[in-house]
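One structure is given here, and the rest of the page talks about it.
We did not get these values from a lab; they are worked out from the coordinates using the rules stated. None of these values were measured; they are calculated from a predicted model. FYI the Cβ positions are ideal-geometry reconstructions off the backbone, even for glycines, and counts take in every protein chain you see.
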Amino acid sequence: MSKMERPDGADDRYPTAVTVDDFRSNIAAVRARIDEAARRAGRHPHDITLLPVSKTVPTERVRVAIESGMRLLGENKVQEAVRKHGETTDLDVSWSIIGHLQTNKARDVAAFAAEFQALDRLRVAEALDRRLQAAGRSLDVFVQVNTSAEDSKFGMPPEELPTFLEALPSYQSLRVRGLMTLAILTPDDQRVRECFSLLRTLRDQAREDAPDLIGSGELSMGMSGDYEIAVEEGATCVRVGQAIFGARALPDSYYWPEA
């Protein structure tokens with residue numbers, strides 16, 4: 001594929017990055033839009049972290065992305081993250097697991113991940129903690145909340161969050177940094193905004209009720225199609241894939257397994 005092309009059937013808003021210059025250009029464009037959204041909301045742009053998400057991207061292009069300056073990459077599927085980690089051990093890069101985790105994959109995540117952004121069950125917390133303690137490691141985690149009330153989304157119902165947070169100190173190798181969510185997939189910006197606003201409200205309530213349980217209170221929310229709304233609603237981390245790497249041939253909903 002030649003420079004900045006797109007696969008057949010893919011979203012033409014997101015040309016495929018191939019070269020170091022492509023990646024730097026795309027990162028700069030996304031960063032500029034993050035900064036503008038932050039200023040609209042009266043926030044400091046430096047308070048928002050951009051997490052590039054390399055799901056489905058071949059390792060040869062991931063290596064180019066790393067060469068362009070990326071040092072933390074997000075992956076949805078543990079198996080894909082394990083493979084890419086093994087194929088990039090000669091490079092200075094860390095990995096964030098941002099997708100649903102089955103307990104039988106906890107050992108893999110405990111072995112190499114820098115952070116885990118989709119913690120939504122105590123069984124997973126227990127499995128990770130056991131593996132991390134055996135490895136002598138700790139792990140930053142975000143608690144995933146289902147703010148869209150969709151059955152197809154992972155994450156706990158909002159009303160279960162306080163009890164879940166109260167249980168997490170028992171798992172001493174896990175360091176809670178904040179909350180994560182996926183907004184509803186819709187062109188209705190107001191419905192998307194409500195998902196992000198709810199997560200911010202939940203974080204603020206946790207800070208008031210039990211500040212020791214929410215860590216630094218970060219909010220990981222927003223993807224390529226809605227990260228500007230997320231920033232306006234308080235995101236401290238946005239997870240951006242297509243706008244950096246290029247369009248995928250299938251829509252986002254295909255890559256998020258049903259709960």
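Which one of these is closer than 24 Å to Leu50 by Cβ, of a type in the set (S, T, N, Q) and either free of Cβ contacts under 8 Å to residues at least 12 places away in the same chain or in a helix (DSSP H, G or I) (or both): Thr186, Thr163? None of the others qualify; the one that does is Thr186. Counting only residues that are under 30 Å from Glu60 (Cα atoms), loosely packed, with under 14 Cβ neighbours inside 10 Å and not acidic (Asp, Glu), region 18-44 holds 3 of them. Looking across Leu168, Leu128, one residue alone is in contact (Cβ under 8 Å) with a residue 24 or more places away in the chain, over 17 Å from the mean Cα position of the chain (by Cα) and farther than 25 Å from Lys84 by Cα. It is Leu168.
For region 77-100, state whether one or more residues are part of a loop (DSSP other than H, G, I, E, B), free of Cβ contacts under 8 Å to residues at least 40 places away in the same chain and under 17 Å from the mean Cα position of the chain (by Cα). Checked against the condition, which is being part of a loop (DSSP other than H, G, I, E, B), free of Cβ contacts under 8 Å to residues at least 40 places away in the same chain and under 17 Å from the mean Cα position of the chain (by Cα), region 77-100 yields at least one hit. Only one of the numbered conditions (1) in a loop (DSSP other than H, G, I, E, B); (2) more than 17 Å from the chain's Cα centre (by Cα) is violated by Gly222, and that is (2). Scanning region 199-221 for any residue that is under 28 Å from Val64 (Cβ atoms) and surrounded by fewer than 19 Cβ atoms within 10 Å (Cβ to Cβ) turns up nothing.
Residue count for region 206-234 under the criterion of being out of contact with any helix residue (DSSP H, G or I) (no Cβ under 8 Å at 6 or more places or on another chain) and of a type in the set (S, T, N, Q): the result is 2.
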